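Asks: Encoded as structure tokens, here's the structure I'll be asking about.
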Amino acid sequence: MRIPLLILIESVKDYLPRFEQSGFAPVWAPTAEARARTIAERGQDIRIVLTRGATGLRGDEMQAMPRLEIVCSLGVGYENIDLDAARRRGIVVTHGPGTNAVSVADHAMALLLGAARACRRRTPPCGGAGWRRLHGAAGRGQAPGG
């Protein structure tokens, strides 16, 4: 028997076939309306919820899913998951600390590069003739960000 899995996040839609191949019965409900309808109509069967910290899962929603065993937060946060309600019911709440470390490092490097090249200061003039002026200045040995 497949394990009923409620998915509340948009970003995993492409993985629905893989969930099915792995023995789950995924129910994709990424909007507030689909979420409410699915919990009302199928909550009695749901055993797992896949969410993220910003999307969360409320205590009243957990209450409507009597077979719920685990809430998985995709990513590092679980700020909008009602941990007290989960604890009272014995529902396991998991998250993925460190799962976005590579993205954070990429973003930090992009910010450093932007600061070094003075991107914020240089962006407004790029819309017109200013582009030639900036390009020319950088071409004459101007230091990065200078």
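The values are calculated or read from the model by the stated rules, or taken from the named source; none is laboratory data. Not measured: the values here are computed from a predicted model. Counting neighbours? That spans all protein chains shown, and the Cβs are built from the backbone with ideal geometry, glycine included. For the accessible areas, the whole protein counts, side chains as well, though only heavy atoms, and no ligand, DNA or RNA atoms are used. Shrake-Rupley method; radii C 1.70, N 1.55, O 1.52, S 1.80 Å.
Asks: Report, by chain and number, residues whose modeled amide H sits under 5 Å from the one on ILE3, excluding near sequence neighbours (fewer than 5 apart, same chain).
Replies: The answer is PHE24, ALA25.
Asks: Using modelled backbone amide H atoms (1.01 Å from N, in-plane), which distant-in-sequence or interchain residues come within less than 5 Å of ILE81's amide H?
Replies: Hits under the 5 Å cutoff: LEU57.
Asks: Apply the Debye scattering formula to region 11-78, with a single equal point scatterer on each alpha-carbon and no solvent, then give log10 I(q)/I(0) at q = 0.11 Å⁻¹.
Replies: -0.25
Asks: If you don't mind, another one. Give me, ordered by chain and number, the residues 5 or more places off HIS95 or on other chains with an amide H under 5 Å from its own placed amide H.
Replies: Hits under the 5 Å cutoff: SER73.
Asks: Counting only heavy atoms of the protein chains, get the accessible area per residue of region 44-85 (1.4 Å probe) and round it to a whole Å² value.
Replies: I get 48 Å² per residue for this part.
Asks: Arranged from highest to lowest average of other beta-carbon atoms within 10 Å per residue, in what order do the peptides 106-115, 49-58, 11-20 appear?
Replies: 49-58, 11-20, 106-115
Asks: I'd like the carbon and sulfur percentage of the solvent accessible area for region 1-125, probe radius 1.4 Å, heavy atoms only, ligands and nucleic acids excluded.
Replies: Carbon-and-sulfur percentage of accessible area, whole number: 56.
Asks: So for each of 4-10, 92-98 I average, over its residues, the number of other beta carbons within 10 Å; can you give me the resulting order with the highest mean first?
Replies: Per-residue Cβ counts within 10 Å, averaged per peptide and sorted highest first, yield 4-10, 92-98.
Asks: Moving on to the next point. Using θ = phi - 60° and the Karplus form 6.51 cos²θ - 1.76 cosθ + 1.60, what ³J(HN,Hα) does each residue of region 111-121 get, whole Hz, x for Gly and Pro?
Replies: Karplus-based 3J(HN,Hα) across region 111-121 equals 5, 4, 5, x, 5, 5, 9, 6, 4, 5, 5 Hz.
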